[in-house]
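Since every read-out is calculated from the coordinates, none of them should be taken as a lab result. Only a predicted model underlies this, so the values are computations on that prediction, with no experimental measurement involved. With ideal geometry, Cβ positions are generated from the backbone for all residues, glycine too; neighbour counts draw on all protein chains shown.
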Amino acid sequence: MTTHRIISNSAAETGNHIKNETSSKCQMSRSDFLKTLGFALLAESIIFSGCGKFEGDNNDRLKTGQFEVKVKPDRNNRISFQAITKKITIDWGDGKVDTFSPNRINREFIHEYPDQSAQTVSIVTESMTEFFSHYLPIIIGNIGKGNFRELRFGNCFELEKLYCNNKQLNVLDVKNAVASLKILNSQGNLLTSLDVGGASKMTDLFCNSNQLTELNLSSCTALTKLYCQYNQLAELNLSSCTALAELWCNDNQLSTSALNAIFYSLPDRTQDSVGEVFFWENPGTAFCDVSILESKNWMWHKF
């Protein structure tokens with residue numbers, strides 16, 4: 001696949017300077033104090049918005065086709081990502097706005113900042129089917145410059161493939177963008193929860209090597225491969241995953257009862273090809289009931 005590069009340079013350096021002066025001798029009325037506190041909180045909100053605060057946000061305000069990235073530029077003060085989309089408008093967060101019409105050709109979009117200050121980048125797309133910002137050093141190297149902290153999607157109904165692995169993500173919000181999603185790779189981040197409920201077309205989910213304690217897979221009826229190993233999961237509900245054929249859930253916090261519940265929820269493959277499940281290094285590994293798996297044509301790996 002040919003990838004075209006589009007580079008945007010920011011010529012101006014901007015900043016906000018807020019100075020507060022107080023005096024221990026100053027006397028305030030209650031109303032004056034509340035007014036001052038209100039202005040202080042507003043100023044703090046402005047600072048965090050401009051510098052890319054990495055928590056306490058949501059994607060309810062995002063429009064159809066829009067998504068938002070909170071990111072720190074790399075050591076060369078750059079951020080980048082690739083996308084396959086018909087049209088794209090990028091607000092880089094420093095006053096620079098670019099609009100391109102790639103016409104569904106895979107392109108890399110790069111922007112350079114004056115320093116490594118955290119940025120909030122807002123992106124509006126038309127008919128985006130794939131998004132790439134990940135790190136695969138052995139295969140193709142780094143696609144996507146900068147350390148992503150949060151990635152939130154509005155209603156991206158045509159998004160089919162999302163690769164955002166190894167980017168130091170704390171938040172990945174895709175609950176409004178799963179209608180057409182088929183492949184999601186979010187492995188190697190810092191996620192503590194992931195909600196892909198309703199992703200009825202998704203076949204492959206790679207969310208391993210995070211810090212997940214919650215994973216919502218409701219209505220994921222087409223899911224065939226689930227890699228959720230190396231997390232902190234104490235339970236895993238697979239009752240909706242009726243097409244599942246490969247499960248990696250090793251190195252979690254699954255008790256004996258939790259593992260048995262997983263085994264019972266796995267689809268019966270006696271009339272199909274053998275399934276495989278990997279579940280070593282869990283608290284309940286030693287005493288779980290593997291006969292449940294054998295009766296349903298699942299090959300198991302506990303060592």
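Loop-resident GluC sites (Glu not before Pro) (DSSP state other than H, G, I, E or B) in the range 175-250 with no more than 16 further Cβ atoms inside 10 Å of their Cβ: Glu235.
Over all projection directions, the Cα-based convex hull of the range 188-245 averages an area of 3.3 nm². Remark: for residue pairs Lys161/Lys296; Lys63/Lys175; Lys87/Lys161, the C-alpha separation exceeds 22 Å in Lys161/Lys296.
What FRET efficiency do you get for Phe100 and Thr224 if R0 is 30 Å and r is their Cβ-Cβ distance, rounded to the nearest 0.05?
0.30
Rg/Rh for the range 57-176 (Cα atoms only, Rh after Kirkwood) is 0.93. For the range 206-221, the Karplus equation 6.51 cos²θ - 1.76 cosθ + 1.60, evaluated at θ = phi - 60°, returns couplings of 10, 10, 5, 6, 10, 10, 5, 10, 9, 9, 9, 10, 4, 6, 8, 6 Hz by residue, with Gly and Pro reported as x. A simple spin-label model places the labels of Thr270 and Ser239 2.2 nm from each other, with each point 7 Å out along Cα-to-Cβ. Modelled spin-label separation between Asn297 and Ala179, with each label point placed 7 Å from Cα along the Cα-to-Cβ direction: 3.6 nm.
Principal axis analysis of the Cα atoms in the range 191-303 yields extents of 32, 30, 18 Å, listed in decreasing size. Amide H contacts under 5 Å for Ile110: Ile6, Ile7, Ser8, restricted to partners 5 or more places along the chain or on a different chain, H placed in the peptide plane at 1.01 Å from N. Only Cα pairs under 8 Å and 6+ residues apart enter the sum, and on that basis the relative contact order of the range 191-303 stands at 20 percent. 3J(HN,Hα) along the range 97-103: 10, 10, 10, 10, 10, x, 6 Hz, from the Karplus curve 6.51 cos²θ - 1.76 cosθ + 1.60 with θ = phi - 60°, whole Hz, x for Gly and Pro. Kindly list the residues of the range 259-281 that lie in the label zone of Glu246, defined by a backbone N under 20 Å from the point 7 Å along the Cα-to-C-beta vector. Under 20 Å, as judged by backbone N against the label point of Glu246, lie 263, 266-281 of the range 259-281.
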